[in-house]
Amino acid sequence: MKEKMGKDKGPEPIGDLVGQLLRKYRQASDHKLTKLWDIWESAVGGPIAENTRPAAFKGSILIIYVTSSTWMQQLQFLKKDLIEKVNAALGEDLVEEIKFRIG
């Protein structure tokens, strides 16, 4: 296994590994979610990205996990802007609604 990892590569972030696994084993329709994970911080900004994580697409609804009820309340006010930013980052209008869940 060391031959595949390489000696000077070092540890990989768990988010990168999860993304790679999901791209390999999930359906093609989930590709947009893995792409969103990759661009999440640049799409929504650092403070929001530190307290949120895209969890799933259900049709045109994006489910986002939030760290606290305080963040959930704040993000309700920013929902329209987040939808615009996410769609712009994805390059197409995939998200029509966002639902927040503490998780």
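The values are calculated or read from the model by the stated rules, or taken from the named source; none is laboratory data. Only a predicted model underlies this, so the values are computations on that prediction, with no experimental measurement involved. In this analysis, Cβ positions are derived from the backbone assuming ideal geometry, glycine residues included, and neighbour counts consider all displayed protein chains.
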Restricting attention to region 51-103, report how many residues are at pLDDT 95 or above, closer than 16 Å to Lys32 by Cβ and assigned to a loop (DSSP other than H, G, I, E, B).
-> 0
How do the pairs read when you match residues in region 87-99 that are closer than 9 Å to Ser60 by Cα with residues anywhere that are charged (D, E, K, R) and at pLDDT 90 or above, using Cβ under 7 Å and keeping only pairs 6 or more apart or on different chains?
-> Ile98/Lys79
Starting from residues that are closer than 12 Å to Leu82 by Cβ and touching a strand residue (DSSP E or B) at 6+ places or on another chain (Cβ under 7 Å), keep the ones in region 45-70 and report whichever is surrounded by the fewest Cβ atoms within 10 Å (Cβ to Cβ).
-> Val66
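Would you pick out the residues in region 69-86 that are without any contact (Cβ under 8 Å) to a residue 40 or more places away in the chain and under 17 Å from Gly46 (Cβ atoms)?
Step one: of region 69-86, the residues without any contact (Cβ under 8 Å) to a residue 40 or more places away in the chain are 69-84.
Once the filter is applied, which keeps residues that are without any contact (Cβ under 8 Å) to a residue 40 or more places away in the chain and under 17 Å from Gly46 (Cβ atoms), region 69-86 yields Trp71, Gln74, Leu75, Leu78, Asp81, Leu82.
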